[in-house]
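Laboratory data are not the source of any read-out in this text; all were calculated from the coordinates shown. Only a predicted model underlies this, so the values are computations on that prediction, with no experimental measurement involved. Cβ coordinates were reconstructed from backbone atoms using ideal geometry, including for glycine residues, and neighbour counts include every protein chain displayed.
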Amino acid sequence: MKKKLVLLGAGHAHVHVLSSLTLLAPQPFDGVEVTLISPYARQVYSGMLPGWVAGHYEIDQCVIPLPPLAARADVRFHQTSASTIDFAQSTIHCSDGQQIPFDLLSIDTGPVANLAIVSGLAEHAIPIRPIESFIESYAKLADDIEARHQSGERTRVAFVGAGAAGVELALAMQHRFRNHNVGVTLISAANTLPGSVGPRLVRIMRARGIAVLAGQAAACVTQGGVQLVSGAMVEADVVIAATGASAATWPRESGLKTDKDGFILVNDRLQSISHANVFAAGDCATMENHARPKSGVYAVTAGPPLNENLRRALRGDALQRYVPQTRSLYLISAGNRYAIGSWGNFAWQGAWVWHWKDFIDRRFVEKYVMHDSRNEQ
């Protein structure tokens, strides 16, 4: 009887595993039935999302279609999400009512939006996660901004959260609607923006007319805007929640060992510390001895070691130790075709940095889409 491997979620690491299973890849999972479970039929590459918001890309340029990639890898694709895992029966209970059995489980579902951090955020703001929901909301918002512009109305947009995602999206929206009488405000509880590039980002944002409220935490969000802890009110027609990543509740509720924030705890082999037949990678997991920021950069680099250890686990071989890099290259787009790069304490900026980022992002997506097109010929 074939062993059953389930890939739960279609994050960056699992896309690599799927690619390794294609006919062009060596050493496929012989004698193993593989199932991919994901609520969406495509993976939106988060690194290109600000470029789509800014108007540099069509959305189809930013996505990896999952059904053709799964078909090429001889993987069954089940479009749904997990609601809980029954480890006594080795079964995943899905939101569509189906139950999927597994011998080996790999989880790469990503984080969820942290909306509990500010009162009213869940009720009155557009969250950037899940990305598919944000895409739908932003498309409607863009139409609304256009309609308001045609009627001579101003649109006030406030971002709550000033991590890399919030900064990039704020700059992207300012660029997209630079001729539409749109005012953008970025609200940050921290006194400085992230990393060594913070001061550069502040200068760029202020030069573009974006109001940066650093060190001024949001107290609550209402239909009229954002009230700060100081008592001041930031009036806004639209509030976008760009707060940090939060963990889904079902891993802990299912019995998986998690960290204090609810992210799945794994060892340096990307294996759950509580369940030996479970692996996890990407933003849904925390390495017990090598915690890293929740970032797509680390999720991408976890793909190859996850793939190798899944193969080894299925064969019954010893697992390989993996230690993620301590520093990573960050490339932050600045709305127009301009970007800032950083590596540790070193930073640089310019149009050439944007073109470098554009090349890296396009290459990441196209290497998987190219697999799809070969499969269709």
Check: Toward the positive end of the charge dipole of the chain, about the Cα centre and with charges on Cβ (Lys, Arg +1; Asp, Glu -1), which of 262, 353, 210 goes farthest?
Finding: 353
Next item on the list: Could you tell me which of the pairs 140/257; 140/357; 260/367 are separated by over 32 angstrom between their Cα atoms in the structure shown?
Entry: 140/257; 260/367
Notebook entry, point to check: Which residue, chosen from 193, 174, 229, occupies the Cα position most advanced towards the positive end of the dipole of the range 121-241, where the dipole is computed from +1 (Lys, Arg) and -1 (Asp, Glu) charges on Cβ about the Cα centre?
Noted result: 193
Notebook entry, point to check: With the chain treated as a Gaussian network of Cα nodes joined by springs under 10 Å, which of 198, 244, 262 yields the largest mean-square fluctuation?
Noted result: 198
Checklist line | Coordinate range along principal axes, alpha carbons of the range 1-70, Å, largest first | finding: 50, 25, 17
Next item on the list: For the range 121-241, report the translational diffusion coefficient in µm²/s to the nearest whole number, using Stokes-Einstein at 37 °C, 0.692 mPa s, and a Kirkwood Rh over Cα pairs.
Entry: 226
Next item on the list: Would you compute the Debye intensity of the range 19-160 from its alpha-carbon atoms alone, equal scatterers and no solvent, and pass along log10 I(q)/I(0) at q = 0.18 Å⁻¹ to two decimals?
Entry: -1.19
Check: Toward the positive end of the charge dipole of the range 121-241, about the Cα centre and with charges on Cβ (Lys, Arg +1; Asp, Glu -1), which of 220, 183, 131 goes farthest?
Finding: 183
Check: Can you tell which of 162, 218, 139 shows the greatest fluctuation in a Gaussian network model of the chain with Cα springs below 10 Å?
Finding: 139
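By how many nm would the segment from residue 3 to residue 91 lengthen if fully extended, with 0.36 nm per residue of separation less the alpha-carbon distance? Walk me through the numbers on the way to the answer.
Working: separation 88, 0.36 × 88 = 31.68 nm, distance 1.35 nm.
Result: 30.3 nm gained on full extension.
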Check: According to a simple spin-label model (label point 7 Å from Cα along Cα-to-Cβ), what is the distance in nm between residue 203 and residue 352?
Finding: 1.8
Check: With a 10 Å Cβ neighbour count serving as the proxy for reagent exposure, in which order, fewest first, do 186, 314 appear?
Finding: 314, 186
Notebook entry, point to check: Near the amide H of residue 184, under 5 Å away, which other amide H atoms are found, from residues 5 or more places off or on another chain, if H is placed in the peptide plane?
Noted result: 157, 211
Next item on the list: Please express the shape of the chain as an equivalent ellipsoid: the semi-axes are the square roots of 5 times the eigenvalues of the C-alpha gyration tensor, given largest first in whole angstrom.
Entry: 37, 22, 20
Notebook entry, point to check: Cα centroids of the range 203-234 and the range 159-197: how far apart, whole angstrom?
Noted result: 10
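From the helices alone, meaning DSSP H stretches of at least four residues, give me the mean residue ellipticity at 222 nm for the chain, per-run term -39500 (n - 2.57), in deg cm²/dmol to the nearest 500. Please list the in-between numbers first.
Details: 11 runs with 119 residues, N = 377.
Computed mean residue ellipticity for the chain: -9500 deg cm²/dmol.
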Notebook entry, point to check: Which value, in debye to the nearest 20, describes the size of the charge dipole of the chain about its Cα centre when Lys and Arg Cβ atoms bear +1, Asp and Glu Cβ atoms bear -1, and nothing else is charged?
Noted result: 1000
Check: How large is the charge dipole for the range 263-349, taken about the Cα centre, if only the Cβ atoms of Lys, Arg (+1) and Asp, Glu (-1) carry charge, to the nearest 20 debye?
Finding: 140
Notebook entry, point to check: Amide H to amide H, which residues 5 or more places from residue 43 or on other chains are under 5 Å from it, using H placed in the peptide plane?
Noted result: 64, 66
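So for the range 215-362, what percent of the C-alpha to C-alpha distances run longer than 24 Å?
Details: 5890 of 10878 pairs.
Summing the P(r) of the range 215-362 above 24 Å gives 54 percent of all pairs.
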